[in-house]
Amino acid sequence: MLNKTQMRIASESGRSMPKRVHLGIRVIEAAVVPPSKERVYLYDLKIRGLALQIMAGGSRVFYLIYRFNGRKRRYRLGDWPGVSVDQARDLAQRALVKIAGGVDPMDERQVIRSGMTLGALWEHWKVNHADARLTATTRRTDGSRYDTTLKAWSGRQLSSIQRGDVVALHSKLGEDHGHTTGNRAVQLLRRLYRYAARIGNDLPDPTRGVMLFRESARERFVTGEELPRLFAALEADEPMFRDFFKLALLTGARRSNLQAMKWQDIDLDAATWTVAANEAKAHRQIVIPLCPKAVEILKERLKSRGGDAPWVFPSPRRGATGHLVEVKVSWARILERSKIDGLTVHDLRRTLGSWQAGLGSSMAIIGKSLGHSSTRSTEIYSRLAMHPVRQSVNAAASAMLAAAGVAPLPNRQPIR
C-alpha cells in the first residue's frame with residue numbers, strides 16, 4: 001500500500017513515482033501536484049489511455065488520451081468524484097471501441113455539440129452503423145428510402161424536427177406514394193433518432209405517437225390465365241431481362257438476391273444456388289434448389305459469360321455494383337406487352353409459393369424454399385432436408401410452365 005509521501009507525483013527532491021497506478025479513491029485523494037507544476041496525470045493500469053488530470057488548484061478530471069490518425073487527442077470523460085473510477089473506465093472502454101472502429105469520439109462529440117443535422121446524422125449512421133451491421137441489400141433499400149422521403153430535411157437540425165412535421169410528412173407521402181412508403185419513412189426516421197440517442201444526442205423522438213397507416217398484405221400472384229401471356233411477353237424481350245424474370249418466377253428468390261447472383265454460388269451439377277448470410281435478409285445462408293428449367297436457363301447464360309465475370313446478370317451500363325440493378329423499366333414494358341395489370345416483380349416470388357400451396361405442399365416446405373425466417377417455424381425449417389423442398393419447387397415450376405404452355409402437365413403427388 002502506498003503511503004501519502006509515496007503518492008506525491010514528484011517530491012521536493014525531484015524523485016518521481018511511476019505515473020501508471022491502480023486508480024482508486026485512496027490513490028486519488030492522496031495524490032498532489034508539486035509546486036513546480038500546474039498539472040500532472042495519473043494513468044490507470046487497467047484501461048490503457050485512461051488518465052486522471054490533477055490540477056494545482058485541486059480539481060481532478062478523467063480523460064482518455066489516445067492517438068487518432070497520428071494526432072494526440074484528449075477526450076474528457078468527466079470530473080471526479082462526480083464520475084467514479086468505474087464509470088470512467090466504462091466510458092473509456094466505450095470510446096476505445098469506437099476508436100478501434102475508425103470513429104474519433106472527439107469529432108463525434110463536436111458534431112453533436114454543434115447542433116447535428118439530419119443529413120449529418122444520416123452520414124454518421126451509414127459509416128458507423130449501417131456499413132458494419134446491415135446487409136448490402138438493406139443499405140441500398142434504406143439509402144433509396146432516405147433519398148426519396150427524408151433527404152429534403154437533410155439541412156434541418158434534429159432539434160427542429162417536431163412531431164407535427166412528421167405527421168404532415170407521413171400524411172403527404174401516404175397520399176402521394178402510398179401507405180407503405182409513408183410508414184417506412186417514419187420507421188427509418190425513428191431508427192435514426194434512436195441511433196442519435198446512442199451516440200449522445202438524446203433528443204425527444206418526433207416519431208413517437210405517430211399513428212402508422214394500416215397495411216394489408218398483398219395477395220397478388222400470376223394466375224394460370226396470365227402465365228401464357230407473361231411467358232410470351234418475356235420471350236419477346238431482351239435475353240437479360242427474359243432470363244432474369246423467368247428465374248425470379250422459378251426460384252422464388254428476392255429481387256435483390258437475384259440481381260447480385262454470382263456464378264461462384266451456383267452448383268449446376270447439384271442444381272443449387274447458395275445465397276450467403278451477409279446477402280440474405282434474415283442474415284443466414286439460404287440454399288435454393290434449382291428446377292430443371294432454371295438450370296437450363298443458367299447453362300445458356302453461362303455460354304455467353306464474358307471471361308471470368310462474376311455476375312450472372314452483369315450491369316449493361318457498367319454501374320458501381322457491377323451487376324444488374326434497375327429492372328423497373330423493363331418490367332413495365334413486359335406488363336404492357338402482356339396486358340397484365342397490378343403485378344410487381346415481388347409478386348413473382350409470391351407466385352411460386354402460391355403454386356406450391358395449390359399442389360398441396362405444407363407451409364413448412366414453402367417457407368423453407370422461399371427462405372422465410374419466421375421465428376415460430378425456424379426450428380421446423382432447420383430439420384427439413386433438401387429433397388422434399390426440391391420436389392415441391394420442381395412440381396410448382398412444372399405446373400407453371402405447363403400452364404404457360406411451354407411444357408407438358410406433370411403427373412405428381414402433393415409434397416407434404
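Some notes on this structure:
- Cross-link reach list, aspartates and glutamates versus Lys299, counting only Cα pairs under 12 Å and skipping chain neighbours closer than eight places: Asp243, Asp267, Asp269
- For Lys19, the lysines whose Cα comes closer than 21 Å to its Cα, not counting residues fewer than 8 places off in the same chain, are Lys4, Lys37, Lys46, Lys72.
- In the chain, the calculated helix contribution to ellipticity at 222 nm averages -13500 deg cm²/dmol per residue, counting -39,500 (n - 2.57) for every DSSP H run with n ≥ 4.
- Between helix 386-403 and the chain: long-axis angle, C-alpha atoms, 0 to 90°, nearest 10: 50
- Computed from backbone phi, the HN-Hα couplings of the stretch 174-189 come to x, 6, 8, 10, x, 4, 4, 4, x, 5, 5, 5, 5, 5, 5, 4 Hz, rounded to whole numbers (Karplus: 6.51 cos²θ - 1.76 cosθ + 1.60, θ = phi - 60°; Gly and Pro given as x).
- Label-point separation, Ser36 to Asn278 (7 Å along Cα→Cβ), nm: 5.5
- Hz values of 3J(HN,Hα) by residue in the stretch 79-94 - Karplus curve (6.51, -1.76, 1.60), Gly and Pro given as x: 7, 8, x, x, 9, 6, 4, 4, 5, 5, 5, 5, 4, 5, 5, 5
- Residues whose amide H lies under 5 Å from that of Trp80, counting only those 5 or more places away or on a different chain, are Arg60, Val61, Phe62; hydrogens are built 1.01 Å from N in the peptide plane.
- Peptides ranked, highest mean first, by Cβ atoms within 10 Å: ranges 138-149, 349-360: 349-360, 138-149
- 0 to 90° range, to nearest 10: angle between helix 292-303 axis and the chain longest Cα axis: 70
- Relative contact order computed over the chain (Cα-Cα under 8 Å; 6+ residues apart), in percent: 10
Values in this text are rule-based calculations from the coordinates and carry no lab data. Please read all numbers here as calculations on a predicted model, not as lab measurements. Quick reminder, even Gly has a Cβ in these numbers, built from the backbone with ideal geometry, and neighbours come from all protein chains shown.
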